[in-house]
1. Kindly state, to the nearest 0.05, the FRET efficiency for residue A:345 paired with residue B:110, given R0 = 56 Å and r defined as their beta-carbon distance.
2. Can you pull the one-decimal nm distance between simple spin-label points at residue A:215 and residue A:422, each 7 Å off the Cα toward Cβ?
3. On full extension of the chain, what length is gained from residue A:560 through residue A:691, given 0.36 nm per residue of separation minus the C-alpha to C-alpha distance?
4. With contacts defined as alpha carbon pairs under 8 Å and 6 or more residues apart, what's the relative contact order of region B:77-146 in percent?
5. For chain B, what is the calculated [θ] at 222 nm in deg cm²/dmol (nearest 500), taking -39500 (n - 2.57) for each run of four or more DSSP H residues and dividing by its residue count?
6. Where both partners of a DSSP beta bridge lie in chain A, what percent of those bridges are antiparallel, to the nearest 5?
7. Anyone know which of B:85, B:93, B:24 comes out most mobile in the 10 Å Cα GNM of chain B?
8. Any idea what the relative contact order of region A:476-617 is, in percent, if you count C-alpha pairs under 8 Å spaced at least 6 apart?
Ligand code: FES
Ligand code: FES
């Protein structure tokens with residue numbers, strides 16, 4: 001392999017560092033109206049009256065829009081395939097506001113100062129409704145968030161809006177209760193995961209204008225341009241042919257930009273005024289008025305024989321989707337479908353889940369997508385079981401975890417929002433990952449704890465993870481390749497690089513298939529007018545799903561080149577060989593360079609443009625695997641936790657670009673470490689966010705991160721492009737449980753609700769002493 | 001009102017409003033490398049150099065730049081390109097949004113600290129957050145760029 005499995009530099013890396021104007025706000029028209037949004041100060045209220053006259057009279061104000069000015073079309077902003085497995089429960093602007101930060105009115109003015117002033121002049125009278133702020137009290141609460149008759153789902157997702165249930169799902173294999181009954185050792189416990197904020201450094205930014213044909217053009221920092229086009233069309237009853245969505249460079253997404261947030265708001269202004277408009281979210285808006293991770297509560301029971309065979313897993317989940325149900329069902333299913341097949345030798349598994357509405361900032365897609373929540377609970381419980389059995393946690397996992405050539409019935413039963421697909425693990429190097437990770441962390445020397453001072457103890461802990469590679473049988477990607485007159489290529493993909501380096505990775509795949517060098521491929525990604533359809537950047541799908549599409553398209557292109565070459569060299573098809581620069585007759589009696597062939601095709605004889613395309617839908621979603629190991633030092637006097645070392649060994653198949661794969665894992669790990677130790681979106685009793693800025697919401701900084709080791713298992717996934725599986729999400733999945741387990745091994749206290757703060761550790765230590 | 005600055009080596013008189021922050025003025029005058037990531041001086045994405053010293057342009061009144069020299073990535077293309085080679089060779093770049101501010105801080109550090117240790121580098125750059133890379137890749141790149149021994 002010449003071009004793949006090579007650490008090529010990211011194509012646009014230099015340009016980004018040189019500060020070239022490439023992000024949505026950089027590209028917004030100079031004369032764009034500035035859009036500002038009036039947001040609800042209340043968690044749950046009905047707008048009794050809203051008066052905009054005074055705001056409209058302010059010089060420089062171009063428009064003020066309320067629910068009265070927009071069509072009452074119900075949508076979901078989820079940014080998933082169609083029909084979406086998320087409830088339709090959102091109006092672009094509504095008479096009812098359902099969380100602090102919900103949209104009340106939209107203002108557009110010639111300057112930011114005027115737009116902000118205009119917000120002050122909008123007079124709103126609210127009728128306060130009883131807010132539902134405790135997700136454990138939401139189901140069947142007398143206060144109902146979505147009584148509106150329009151709220152519905154496109155198919156059965158277990159929604160019951162009258163009981164504040166956005167979605168629900170249950171499944172079982174075997175009779176869990178009966179098997180648990182027979183188990184010699186059982187652990188049961190309850191765990192909580194918190195709302196985490198994405199904190200991509202580029203805030204959501206959108207600009208809109210009408211092009212010369214009067215078509216609405218939207219430039220958005222989105223992960224899903226094609227879904228955004230569909231949602232905007234549905235929101236305003238405009239045919240999709242009249243909308244174009246362009247994705248420029250995106251300054252990070254992590255799932256937060258999978259959904260349409262500001263796009264319909266800015267579109268509404270441009271549609272109303274005919275003028276260009278832009279909206280750049282403030283950081284506070286990003287926190288309060290986009291999405292967070294779904295907080296969840298897990299009740300888990302694990303049953304095993306004395307000698308450590310895990311026989312039954314029972315998982316019961318309550319998830320908080322906040323005010324709207326984006327990704328309600330699919331994230332909660334991820335909490336089961338990803339963790340549960342890890343222990344595939346069980347007799348019975350049960351998964352039961354309910355996702356409730358509350359008057360909090362909505363939850364949505366976020367890297368790890370349910371798996372990280374479920375794995376925290378499951379991998380904590382596995383350690384508890386190991387202790388009860390008196391077996392080392394590594395040994396218990398080794399005895400019970402999935403291996404190459406094996407399967408799990410759960411693959412077939414649970415997909416994302418519906419049934420899954422049966423899969424046998426053609427690639428699974430989990431065994432190697434565990435072994436190597438133990439070496440890297442020094443497990444045998446360090447487990448479970450070492451005392452390093454009068455008040456300092458160190459401990460190691462581990463956790464496993466698996467994710468998926470795209471959504472099988474649903475999500476489609478496609479690619480178009482164009483040969484240019486000098487012998488270089490344009491690769492057009494709808495795949496959406498949001499900073500992961502996917503443009504580079506796809507170029508490498510195309511180059512490998514064409515047998516040319518990667519620098520001969522110029523990538524153009526994500527413009528709904530110019531690039532072919534792609535579901536977007538989510539579900540760890542780009543390398544696998546889009547990569548396969550690119551590979552097929554490039555193979556088609558290679559065939560076209562060889563056909564034209566044969567014609568030119570006057571031999572039958574199949575009698576020429578292409579080595580990347582030159583086409584040669586197999587009999588050695590003639591050759592032509594690609595450059596000359598292309599020049600001929602475009603300027604001289606037999607003139608024609610060579611274009612190749614293809615599409616791909618995954619028939620399966622091969623999971624990448626990972627074993628994560630944490631070494632922590634805990635100060636027993638203060639509860640302070642220092643993460644000394646995190647070692648991760650990942651099986652993501654063949655890495656198309658080892659450098660970019662490593663950085664993906666490292667970045668994911670640090671986000672996972674943030675979730676484990678620092679991050680939590682917190683609310684007041686009135687439902688306002690307490691830490692709606694980066695001063696009080698702490699993501700890990702450079703000083704928090706000491707020593708991180710990432711390695712890859714040698715692995716090959718036959719269904720992936722050149723053996724690749726996904727790597728986008730897996731990195732985030734293990735830190736919460738591995739760190740919780742390490743803290744337990746160090747101190748003997750188990751923190752079951754994230755994040756693991758010094759306060760919680762200290763309180764638990766105190767309680768234990770009493 | 002007007003302020004007089006050396007912007008990327010050019011003497012300029014910039015028209016500003018009294019309450020404007022330097023970040024907004026710089027972007028208005030075409031220095032689009034300067035980004036905003038937060039509203040609370042917490043992320044370092046907006047870093048520019050004032051008289052060679054890193055400052056947060058999101059919270060510095062433009063008026064305060066009067067009489068000073070301001071440097072953005074637009075003014076240091078050659079130096080930044082050199083650093084960028086190390087970053088891309090390491091794969092230490094992802095979305096790139098934090099990169100211009102980060103690059104300026106690294107260049108300032110290079111001038112300020114002779115042979116810094118990893119610990120000193122970490123401290124110097126602590127205010128420059130990155131949500132994508134997890135920092136260790138950036139560290140590998142800087143260490144090579146500065147010739148720091150492990
Ligand atoms: S924009 Fe975050 S510190 Fe200036
Ligand atoms: S590369 Fe995305 S924030 Fe640093």
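1. Values: r = 56 Å, r/R0 = 0.99.
Result of the calculation: an efficiency of 0.50.
2. A separation of 4.5 nm, rounded to one decimal place.
3. 41.4 nm
4. Numbers: 46 pairs, mean separation 37.0, N = 70.
Relative contact order of region B:77-146: 53 percent.
5. Working: 5 runs with 53 residues, N = 150.
Result for chain B: -10500 deg cm²/dmol, rounded to the nearest 500.
6. Working: 106 of 135 bridges.
For chain A, the DSSP antiparallel bridge percentage is about 80.
7. Of the options given, B:85 has the highest mean-square fluctuation.
8. On the way: 301 pairs, mean separation 46.6, N = 142.
In percent, rounded to a whole number, it is 33.
Every number in this text was worked out from the coordinates using simple rules, so none of it is lab data. Predicted, not measured: the structure shown is a model, and the values here were computed from it. Every residue, glycine among them, receives a Cβ derived from its backbone with ideal geometry; neighbour counts consider all protein chains shown.
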